[in-house]
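In what follows, a structure is listed as structure tokens, so that the remarks can point back to it.
Coordinate-derived values only; no laboratory data. Since this is a predicted model, take the numbers as computed values, not measurements. Glycine gets a Cβ as well: all are built from the backbone with ideal geometry, and neighbour counts include every protein chain shown.
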Amino acid sequence: MQQRGICGPACAWALALSIGLITATGCGDGKGVNPVNGSVTVDGKPAGDVMLKFAPVGGSPEFQKVLPMGITKEDGTFSLNTRGNNDGAPAGQYKVLITWPAQSRGPSRDGPTERGADRLQGRYNNLEKSTFTVEIKSGTNNLPPFAVTSK
């Protein structure tokens, strides 16, 4: 009687492909990203629930696909997420987009909490007009505060 392995040729191929994909994407291990911390002030005061998106400038097609994001705590501080758990962002140049939604109106009938209109009236949420640019470097990045005005 011939003994067969648990995994035939098709299974072995699928396993090899899966391992390759996990290795290529990093499996959320933090490789390729750098811790990024910063803060936002609105009219000179720390602001909570400010949303930041870091849009890549130039770079490879793979780099163009990343969109690190963060949301400020009540003290105005944030840490960026690319894959989750405040892992940071890949090194490179970014334009920063900022919105500050009005207080949420609670859960909608159809699902998640609805956010109100941008209290900054979209002034800091336009790639062509954004005045905020940063360079994320290898290692920990502590960014200078982003100072915005509500009027």
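With charges set only on the Cβ (+1 for Lys and Arg, -1 for Asp and Glu), what does the dipole of region 33-148 come to about its Cα centre, in debye to the nearest 20?
That gives a dipole near 140 debye.
Can you give the Rg to Rh ratio of region 111-150, both from alpha-carbon atoms, with Rh computed by the Kirkwood formula?
In region 111-150, Rg relative to Rh is 1.08.
Going by how many other Cβ atoms sit within 10 Å of their own, how do 132, 146 line up, fewest first?
Neighbour counts put them in this order, fewest first: 132, 146.
Please report the projected area of region 33-148's Cα convex hull averaged over all directions, in nm².
Directional mean of the projected Cα hull area for region 33-148 stands at 7.8 nm².
Which whole-number percent gives the relative contact order of region 33-148, counting Cα pairs below 8 Å spaced six or more residues apart?
Averaging sequence separation for qualifying contacts and normalising by length gives 34 percent for region 33-148.
Filter the cross-link list 45/151; 53/137; 45/73; 73/129; 73/151; 53/129 down to pairs whose alpha-carbon distance in this structure exceeds 20 Å.
73/129; 73/151
Which shape class applies to region 52-95: rounded if a/c is under 1.5, otherwise prolate when a/b exceeds b/c and oblate if not, where a ≥ b ≥ c are the square roots of the Cα gyration tensor eigenvalues?
Judged from the Cα gyration tensor, region 52-95 comes out prolate (a/c at least 1.5, a/b above b/c).
So for the pair residue 73, residue 151, with labels modelled 7 Å out along Cα→Cβ, what separation do we get in nm?
Label at residue 73, label at residue 151, 3.1 nm between them.
So if R0 is 35 Å, what FRET efficiency would residue 64 and residue 118 give, r being the distance between their Cβ atoms, rounded to the nearest 0.05?
E between residue 64 and residue 118, to the nearest 0.05, is 0.90.
If you plug each phi of region 121-131 into the Karplus form 6.51 cos²θ - 1.76 cosθ + 1.60 with θ = phi - 60°, what whole-Hz ³J(HN,Hα) values come out, in order, with x for Gly and Pro?
Here the 3J(HN,Hα) series is 6, x, 4, 10, 10, 9, 4, 6, 9, 4, 9 Hz.
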